[in-house]
Every structure is written in C-alpha cells, then in structure tokens.
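First comes the structure, then the notes that go with it.
The values are calculated or read from the model by the stated rules, or taken from the named source; none is laboratory data. On a predicted model such as this, the values are computed, not experimentally measured, just so you know. Neighbour counts are summed over all protein chains in view; Cβ atoms, including those assigned to glycine, are modelled from backbone coordinates with ideal geometry.
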Amino acid sequence: MESACGSRNTGKYTSLQMTVTPRTAVAVAASAAVCGVAAATVLHMYWTRRKLKNAIQTGGKAVDDETPWPLVGNTPSLASSFFGTLYRHVHESVFLVWVGSTPFIVLNDLKSVRRVLTGAGGVYSKPKYFGYRSKAIKSAVERERKAVELESAELAAGDFSRTALEALIVEQFGWLNVEIEALAHELAARSDHDQQHAFQQIQQGLVHLNLRLLYKFDDAQLAGKVSYWIAHAGLEFAKRMANPFRAWYHWAANVRFLAHVSGLIGIGRRLCKHLDDIVAAERKDSELAETAPSWVHAWLGKVGKIGKLGKVVGLLMASTQTVPLTAIWSVYLVATHESVRNKILAEVRKVNTSSACVDLSELDSLTFLDAVVRETLRIYPPFPVLQREAQMEDELSDGAFVQKGQIVYIVPWLIHHNPKIWRNPEAFEPERFVGNASHGDAENDYAFIPFGRGSRMCAGYRLAIVEVKLLLLHLVLNYDWEAAYESPEYPAINMVPSKMQFTFRAKKISYLSATFEHAEDASRVIPTA
C-alpha cells in the first residue's frame, strides 16, 4: 500500500514537472520581475513623497500634495481635468503633483514665480529634454560652437531681436492691417458656423500671414499643413504631459504624433534654408551699403543650425496656436459682453471716425481694446505650464526648499485665477488693465504671465497683441455677432473650446479701409444687412 502510494505520489510529481515548460518558467520569471519592479517603484514613490513633503516646507510645515495612486500618481485626475486638479490647491503657495511616479513642484506664489522665471542668477533654467541630453545632440552642438562664435563676431553685439521685430511691425503695419481685415470679413462670411470651422479659419489665415511676414515665405498650401500638424501634435503633446502612459497604449496616436512632428521638422528645415538664403543675400547687399541688422539677422544671427531649427519651429508653433487661441476666445468674450463691444466701438470711433484704415499709433492708443486682449489672455492663457529645472539647491521666499535637478511648474492659468492675487478672477473685466497694462489690478508683473516673464519671455508677444487687436477692431466696426457656448467649469488643457457657435450680421454702415485689396469682393465676403 505504501509502495502504491509512493508510486502514485511519484507519478503525480512527475506529471507536475512535465507541465513546467521553459516557456512557462520564463513567463513566471517575467511576472515576478514585473511585480518586483512595480513594488519597488511604489515603495520608492511613497518614500520620495514622504521625503519631499518634509524637505519642501512652507511656514514650518510639510508641503501639501495631491494624494497619488500607486504607480500612476495623479495621472488619472490630471488627464480628466488638468486645471481642475490643480485648482484644488489654489490657496497653497507651493504643492506637489505626481505625474506617474515623478513629483513636480507647482509654484503659486508671486515672489517664488519671479525668482524662478528670472533664473535667480543661473539657479533655474529651462529643462533639457531627452533629445538635448543625448550624446549625439551634445556632439553636434559642440561641432558648431566655433561656427556660431565666428558668426556672432561678424555681427554687432547686443540683442536686436525685439527691436528688429518692432521695426518689422512698424514697416509692415499697413500690409498687416489689410490682411487681417480680409481675414475678419472671411471669418464672418458664413453665418451660423461652429467654432471648429472658425478656429481653423483663423488659425490657417494667421499661419499664412505670419509665414509671409516673418519668413517672407508665401505658400497657402503649406500654411494649411502646418496649422493642421501643429494643432494635432500640440493636443497630443498636452495630453501626454498630463498622462505620459498614453505612449504605452495609444499606438495610433503615437504614429500620428511622430508623423506630425516629423512633418514640422521637415518644414522647419525648409524654412531655415530659405532664411539662410535671405541672410546671404542681405550680407551680399550690405557689402555695397552699410545696413542695420534685419529681423532675420537679429533673430537668427547668433545661433547654429540646431538652435535655428528650434527657433523656427518654436515661433511657427507659437504663431499657429497662441494667436488663434487668443483670437477665438476674445471674439467669444466680446460677443457675450455687449457693453464691452460698445466700449470698443466708441473708443475706435473716437480715434478714427471715418474708416478702418488706422495706423499703428492709433491702434496703440486704443487702450480699452488692448485691455480686452490682455483680459482674454488672463482668463485663457495659451501656454498650460512653464517649466524650469533647479541647477542647484535653492530656498524660495516662503521657505520651500527645492533640490538640485528638481523640475518646478508654473501654471499661468492657476496664477491668473488665484483669488489671492486677482480681484474677482473669474469675471471678464477688461477695465482692470486700463490703468496698468502690465499687470492690471494685481500686485506686480509676475501675476500676468501668458507669455512668461524674464529673459525667456516670448519675443513675439507684441506681434500677437497687434494681430488680435486688429481682428477685433475690424469685426467690431463691421459686424454684430453672437456666440453660443456651454462653458465647462475648467477649460481643456490645450485651451481649445469645443461646440462653440458664432452668428455674424453685417452692420448697415461698415468701415472698409481705403486700401482694402479685397474691396471688389465685398458683396461676396460681407453679408448684406
């Protein structure tokens, strides 16, 4: 009996051994490794959380944070409502959020924001993303360093970019006015159209305009491609910023994202070559006559190929997203506030009573119109976050301690909607900027950061404000319009509205500028009253 039992037990043991195939063993080992890594990640994440909460102290107490889930951190809530998640901590001067298992410090105090955005003497700088950390990129930058130094020596010292861009605006303002006037009439040509059409129309029109203005490159078909690629690549990038796990499971989005980014890099290289040709021609001409540095010289003259490509693509993306977003939101806000529209109209008629042919000095004198654009930028800032990396340990004004290598977040929307910083922050009140265009009724300039502040502030902000002001001016002079939109509690992370509808009606007396090149098409583009 014992022998039989032993034999039977041995038989079972042998049968069990036979089921453990090499494939099964590998699967078990892999599962154990994954579980071990996951457990280690969770333990490290919560250990880091405890360490950071005590290290980053404000007022002698541990910093507040959004309680993270294991492995994913705050990703689910950030992905579903990015600004809503952050707004829960609007009264905190500094707090932590977790993107996956990575902690990010969010600053919400003006003194700390100022210190970080000004760089604090080299303590903070823009983060170097994976591409710039690679040996290949570093090697390429080093190879071209001498060429950049030589090119810099050939140009006069100083930063001419802002001055040169201002000179470009002055020089081309008449043309710019006519082109945006045409865009305004084309936007209003179709009644009862939705936001998607309106946003795309504004976006494509402004991209085509800025390609010609900034790069002297006229290609309407290219403008359509650029606006489409940047809109979709920008949305995907914003989603991945809140949810980096998208890259693991959303393969179709991965393919589209790579295709759009590759297309933008290709267009950037094409524009770089075009600008190189312009610079070469200008240098050849300057051999015969001494000329001041042009926009192209000033903006591109002191960087190499890599920096040039980054600047070209960056400005292209800014002109494709920033200005159209501000334009669509300003058109919506003016539509829903009739008193604001009437004030704009009264101000414009006071400055120029006969036509829409204003000059730059007259446009600059429209302080209420300027305030409307700035208040739009306060409520709907186009950039979701500003990031800086600590190059060394630092202590902020409220006692928060930042470790070397730590990424700090500054969220313009959160700063702009902070009731401790702004009076009645949820209300659309352009009057707050009439007395002070720099920061309205807030404490200082770092309360108003739609384009950032400090040395890294967007150089094209002046052009953006001029373009949006011109668009509103021509719409207010020639049309009445209404907007239908169910505003959510918090905007989307890319700030693009959805399901917004506009209805335009031409006024009985319209104000076409005398130089409006499309006046012969007025019966087509301007609906009759």
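Annotations for the structure displayed:
- Filtered by the rule that a residue be part of a loop (DSSP other than H, G, I, E, B) and free of Cβ contacts under 8 Å to residues at least 60 places away in the same chain, the stretch 355-373 gives a lone residue, Ser365.
- Glu429 touching a residue at least 24 places away in the same chain (Cβ under 8 Å) and either buried (at least 21 other Cβ atoms within 10 Å of the Cβ) or of a type in the set (A, V, I, L, M, F, W, C) (or both): no
- Among the candidates Lys111, Lys12, Lys51, residue that is at negative phi, in a helix (DSSP H, G or I) and at pLDDT 75 or above: Lys111
- Residues (in contact (Cβ under 8 Å) with a residue 60 or more places away in the chain and touching a helix residue (DSSP H, G or I) at 6+ places or on another chain (Cβ under 9 Å)) located in the stretch 66-80: Thr75, Leu78, Ala79
- For the stretch 304-336, the set of residues classified as modelled with pLDDT under 75 and either buried (at least 24 other Cβ atoms within 10 Å of the Cβ) or of a type in the set (Asp, Glu) (or both) consists of Ser319, Thr320, listed by residue number.
- Residues that are at pLDDT 85 or above, within 21 Å of the chain's Cα centre (by Cα) and more than 19 Å from Pro76 (Cα to Cα) within the stretch 233-259 comprise Ala233, Asn254, Arg256, Phe257, Leu258, Ala259, listed in sequence order.
- Single match in Ile202, Ile267 (criterion: in the same structural domain as Leu477 (by TED's automatic domain parsing), among the aliphatic types (A, V, I, L, M) and either within 17 Å of Leu309 (Cα to Cα) or without any contact (Cβ under 8 Å) to a residue 12 or more places away in the chain (or both)): Ile267
- Restricted to the stretch 396-510, the set of strands (runs of 3 or more DSSP E) holding at least 3 residues that are in the same structural domain as Val372 (by TED's automatic domain parsing) comprises 479-484, 501-506.
- Any chance Glu389 is out of contact with any helix residue (DSSP H, G or I) (no Cβ under 9 Å at 6 or more places or on another chain), closer than 14 Å to Arg115 by Cα and touching a residue at least 24 places away in the same chain (Cβ under 8 Å): yes
- Residue in the stretch 332-344 that is under 20 Å from the mean Cα position of the chain (by Cα), assigned to a loop (DSSP other than H, G, I, E, B) and of a type outside the set (Ser, Thr, Tyr) present: no
- When the residues of the stretch 396-418 are filtered to those that are buried (at least 18 other Cβ atoms within 10 Å of the Cβ) and among the β-branched types (Val, Ile, Thr), the one that is farthest from Pro103 (Cα to Cα) is Ile415.
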